[in-house]
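Read the structure below first, then the notes.
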Amino acid sequence: SCCRRPAYRLLHLPFVRGLTSCSCTFVTSANNTAMSEEVDGAVNYEEQQEMEDKVISPEKAEEAKLKTRYPNLGAKPGGSDLLRKRLQKGQKYFDSGDYNMAKAKMKNKQLPMAPTENTGDHIPTPQDLPQRKPSIVASKLAG
Amino acid sequence: MAGLSGDVQWCFSQVKGAIDEDVAEADIISTVEFNCSGELLATGDKGGRVVIFQHEPESKNRPHLRGEYNVYSTFQSHEPEFDYLKSLEIEEKINKIRWLAQQNAAHFLLSTNDKTIKLWKISEREKRAEGYNLKDEEGRLRDPFRISSLRVPVLMPMDLMVEASPRRIFSNAHTYHINSISVNSDHETYLSADDLRINLWHLEITDRSFNIVDIKPANMEELTEVITAAECHPHQCNVFVYSSSKGTIRLCDTREAALCDRHAKFFEEPEDPSSRSFFSEIISSISDVKFSHSGRYMMTRDYLSVKVWDLNMENRPVETYQVHEYLRSKLCSLYENDCIFDKFECCWNGSDSAIMTGSYNNFFRMFDRNTRRDITLEASRESSKARATLKPRKVSTGGKRKKDEISVDSLDFNRKILHTAWHPHHNLIAVAATNNLYIFQDKIN
């Protein structure tokens, strides 16, 4: 599922700049569930420096925090870089063969092993064939 | 309709969807929409499927609830495609569903993914013909030489069957990803908006559409903003609005020119330049814009707030509601985990006296515009007992956390409520929480 993350967000981080498809493996450091721990009372070096800013604006304090973690971030975040990648959302594949291989890999994981079937004793006619089951899985909301 | 907070007591009514811990990506609900009467409720998901629920009136067994919503129809609207020219996958995720006003026995809706819009007809069939001459009851062909008499087929009642069929497919008009569709009040046209362009379609014509807004710069290096949402005015068929990633809204009048690149009105709240930060533009990006039912106001949702604008006043909103201001001191982490880019929607109640929007931890917020009171509620299985009144929730912002409050750091940012819908006439709401659809309504005494 991380491969569906819009590419523009990843390209914003300096260490993944320049990568195209599936840069998600590099972003495991970003903790998706819990927020970073904010322990009351413990003041580290960065917080001490930005203590004044914190009083003025929490937003500016957060900006300072970001800049210390990613010093190479561009000056204009909402500019062309961010937007251009947003317009290019979606995972890029090298070609249609690459796409079909990726799809096949996904399907292989899901399909169970088919049991060996007994062959029949006569050539079936359309009337004898069982009704074709829909291959699309129905939504669980309709269950 | 009664107001909010003091007057309305929200109770759990129903929940749809699986309880599994492991949520398949395809089951994530991506849009929720009531039809004009509120009788039907449509949902779209990431797997490209549409499920429509129908309101069934209360039965003798359960007289206290105002009836309930049951599955009416479900179908696969969009399927994953591959753009061979650009080597890109086109997601089947349903971005938006919009209902057409009902004009006959059938129901029509528009559903769209990133590239293609489809008009679906949902109709009921309660009769079928029986007594054919050339085929038997199972549909197998009869030998014509064995037929010795003729009979006239008769229409016999059958179990209700609801059929969904695609009547129009509007494709190949958008280079960028479609974020909005909106049906015009003339019942003939609708607009579709992508990141850089807005097109006007006629519901009957699929091979042509008019481009009415184009903000693509000649040099893509100069790109500074994109279109984030668009909507037609509910009564004036010549007026529509579109919002941008820079927090501005433009109102356009199609009578002025064929190409509405020049806005008729420009809505922007002035910003204090000294408070500008790296995050300012990102959190000002408007994720949703909705006209009030009256057509006098519009509402916009940005990352931290909801704003109500009077169409007659462009320089600032008339009302601003803070959704989760406590997140302002967490913007760094929210940027790192991408949550800062989440697109929340907002909605009006039928009388425009209240507005609703979602937040994190499966919380959603409602604001009463008259009393200025607000309430935070949670969509969770724990509070899902029949007709149980929902308990208001509170996030503690200070150092001391009171009992029953939840601290900001304990919020679950994976459980987010992006899509909500309010019944057009009653105090009944549908809230999409990832793969579950919750229905809440006010207590009837």
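Summary of computed values
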item	result
Share of pairwise Cα separations in chain B, more than 33 Å, in percent	39
B:Phe266 paired with B:Asp20, simple spin-label distance in nm, labels 7 Å along Cα-to-beta-carbon	5.1
Other protein chain Cβ atoms within 10 Å, averaged over every residue that makes up B:87-94	4
Whole-angstrom Cα spans of the range B:313-445 along principal axes, big to small	45, 43, 30
Among B:Pro157, B:Ile178, B:Cys232 the positive-end extreme of the charge dipole of chain B (Cβ point charges)	B:Pro157
Estimated FRET transfer efficiency when R0 is 45 angstrom, pair B:Leu155-B:Glu58 (beta carbons, to 0.05)	0.90
Label-point gap, in nm, between A:Asp95 and B:Lys400 - each point 7 angstrom along Cα→Cβ	7.0
Integer Hz, Karplus 6.51/-1.76/1.60 couplings in order for the range B:246-256, x for Gly and Pro	9, x, 10, 10, 10, 9, 10, 10, 6, 7, 6
Mean separation of Cα contacts under 8 Å (6+ apart) over length of the range B:128-245, as relative contact order %	18
At 0.890 mPa s and 25 °C, Stokes diffusion of the range B:210-249 via Kirkwood alpha-carbon radius, µm² per second	211
Area of B:Tyr84 that stays accessible when all protein chains are in place (1.4 Å probe, Å², to 10)	150
Order by protection proxy (mean Cβ within 10 Å, highest first), peptides B:231-244, B:97-110	B:231-244, B:97-110
Segments B:311-324, B:410-423, B:351-364 sorted - mean Cβ within 10 Å per residue, highest first	B:351-364, B:410-423, B:311-324
Cross-link reach list, aspartates and glutamates versus B:Lys307, counting only Cα pairs under 15 Å and skipping chain neighbours closer than eight places	B:Glu268, B:Glu269, B:Glu271, B:Asp288, B:Glu319, B:Glu325, B:Glu345, B:Asp352, B:Asp368, B:Asp374
Where B:Leu155, A:Leu73 fall by accessible area, highest first, once all protein chains stay in place (1.4 Å)	B:Leu155, A:Leu73
Average beta-carbon neighbours from other chains, 10 Å sphere, peptide B:225-236	1
Full-stretch length increase - B:Cys237, B:Ser274 - with 0.36 nm per residue and alpha-carbon distance subtracted	9.2 nm
In order through the range B:352-369: 3J(HN,Hα) via Karplus (6.51 cos²θ - 1.76 cosθ + 1.60), integer Hz, x for Gly, Pro	6, 8, 9, 10, 9, 8, x, 8, 9, 6, 6, 8, 9, 10, 10, 10, 8, 6
Cβ neighbours within 10 Å from other chains - mean over B:401-409	1
Pairs beyond 21 Å (Cα-Cα), from A:Lys105/B:Lys343; B:Lys115/B:Lys216; A:Lys85/B:Lys93	A:Lys105/B:Lys343
Karplus-derived HN-Hα couplings along the range B:411-419 (A = 6.51, B = -1.76, C = 1.60, θ = phi - 60°), whole Hz, x at Gly and Pro	5, 8, 7, 8, 9, 10, 9, 9, 10
Listed residues B:Ser329, B:Ser384 arranged by accessible area, highest first, probe 1.4 Å	B:Ser329, B:Ser384
Accessible-area ranking of B:Tyr190, B:Tyr326, largest first, probe 1.4 Å	B:Tyr326, B:Tyr190
B:Glu221/B:Ala129 FRET efficiency (R0 56 Å; Cβ-Cβ; nearest 0.05)	0.30
Distance between modelled label sites at B:Asn315 and B:Asn370, nm, 7 Å Cα→Cβ extension	3.1
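The values are calculated or read from the model by the stated rules, or taken from the named source; none is laboratory data. The shown structure was predicted, so the numbers you read here are calculated from the model rather than taken from an experiment. All Cβ positions, even for glycine, are placed from backbone atoms using ideal geometry, and neighbour counts span all protein chains on display. Side chains are part of the model used for accessible areas, which takes the heavy atoms of the whole protein and leaves out ligands, DNA and RNA. Shrake-Rupley method; radii C 1.70, N 1.55, O 1.52, S 1.80 Å.
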